[in-house]
Amino acid sequence: MTLLELLAACIEQGRTSIAPAMAEEATRKRLDRLHKAGALARVRARAIICPQCEANSVRVIQVGAGLCRACGQVLLAAEDLQRLAPDHDWLHRRIAQALGLPGEPPRTILPGRLWHLGDLGRAGARKRILFGQQLIGTAVQRALLDAWPTHVGETHAVIFTTSPPDRVFLPGVPATLVPLPAAFRLRGRGLVTDDAVWAGVKTPATPLAAQRRHGPFSHDFREVILQGEDTPIALTPSQAAIMRVLWELEGVSLESETLMRRAGVALEKPVDAFPRNKYPGANGAYRCLVASDRCGRYWIPRSSFEWRVS
């Protein structure tokens, strides 16, 4: 395990109190290296396992002393109290420095989960640089999709993350996920970029018109063109997520509850995401493309796009 793999694992597991003394020797050396670089900061333990009975939790009451319900007051060595915790400010600053971003404070998009570190490139080829952690889970996904239009918008984003990218599902948003340990290496007290990843980040985004489409949908499912028409209809992230799930099923029907869960949309039925009074174009596209058996199952017929459903 590399140093940044260890740091990413600690962050992803939510470990705010790491005990070096309880780790294996190889891990202790890595923790010490991360601490010296500034990636891990010293914090004092609030509770530890009693060094005398080794069975009960000891509440730290003052420096060098704790209270065990079986042993009473016990003396604690300095190493018993030593803990390390990831320094998120250090990580955000070092990523920004490695990428040459302006030295502005990161902007929170989703508290404790996603931050905007800055932008790369010029207008028309700009990319938003984000850092994300603990992005796995339906609730987090829904919150990200809700916040995306306001805080990120249509600009392509690169998310450096401690979460495994293959387990992060953000349908309908223009984003590339890059694992933190693959993107950077620790050098001295800072980070340097991996050349191959850096080259990919600097490559201008492909114009939307040149990107591969999915039938009537754009590459990111955020636009749809109905048969016989030329003007694309815009879809919200939630609408795009529903359409993506249905399209990728290749005509197989899906129960409403399962469909909405896979899409990460907190609504009862898919049509609820397409209110006619608010999104008349998207509502028309939904009714044209999505079929239903009126018993709670939905699908997109792949052979024809002339269906009408109520």
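The values are calculated or read from the model by the stated rules, or taken from the named source; none is laboratory data. Keep in mind that this is a model prediction, so the values were computed, not measured. Note: ideal-geometry Cβ built from the backbone for every residue, glycine included; neighbour counts use all protein chains shown.
A few comments on the model shown:
- Of the residues 120, 186, the single one that is under 21 Å from residue 38 (Cβ atoms), touching a residue at least 40 places away in the same chain (Cβ under 8 Å) and outside the structural domain of residue 264 (by TED's automatic domain parsing) is 186.
- Test: residue in the stretch 15-31 that is touching a helix residue (DSSP H, G or I) at 6+ places or on another chain (Cβ under 6 Å), under 26 Å from residue 194 (Cβ atoms) and either without any contact (Cβ under 8 Å) to a residue 12 or more places away in the chain or basic (Lys, Arg) (or both): yes
- Among the residues making up the stretch 89-104, those that are free of Cβ contacts under 8 Å to residues at least 40 places away in the same chain and under 26 Å from residue 17 (Cβ atoms) are 89, 92, 93.
- Looking only at residues in the stretch 121-144 that are modelled with pLDDT under 85 and among the aliphatic types (A, V, I, L, M), the one that is surrounded by the fewest Cβ atoms within 10 Å (Cβ to Cβ) is 123.
- Number of the exception - residue 40 against (1) closer than 16 Å to residue 81 by Cα; (2) surrounded by fewer than 17 Cβ atoms within 10 Å (Cβ to Cβ); (3) in contact (Cβ under 8 Å) with a residue 40 or more places away in the chain; (4) not β-branched (Val, Ile, Thr): (2)
- The set of residues in the stretch 237-275 being assigned to a loop (DSSP other than H, G, I, E, B) and crowded, with 20+ Cβ neighbours inside 10 Å consists of 264, 265, 274.
- Only one of the listed residues (121, 100, 132, 112) is among the small types (Gly, Ala, Ser), within 23 Å of residue 238 (Cβ to Cβ) and out of contact with any Ser or Thr (no Cβ under 7 Å at 6 or more places or on another chain). That residue is 112.
- Residue within the stretch 244-254 that is among the hydroxyl-bearing types (Ser, Thr, Tyr) and either without any contact (Cβ under 8 Å) to a residue 40 or more places away in the chain or under 19 Å from residue 155 (Cβ atoms) (or both) present: no
- Counting the residues of the stretch 101-117 that are surrounded by 18 or more Cβ atoms within 10 Å (Cβ to Cβ) and over 13 Å from the mean Cα position of the chain (by Cα) gives 2.
- Strands (runs of 3 or more DSSP E) enclosed by the stretch 160-235 - at least 2 residues per element that are surrounded by 13 or more Cβ atoms within 10 Å (Cβ to Cβ), under 23 Å from the mean Cα position of the chain (by Cα) and modelled with pLDDT under 90: 175-179
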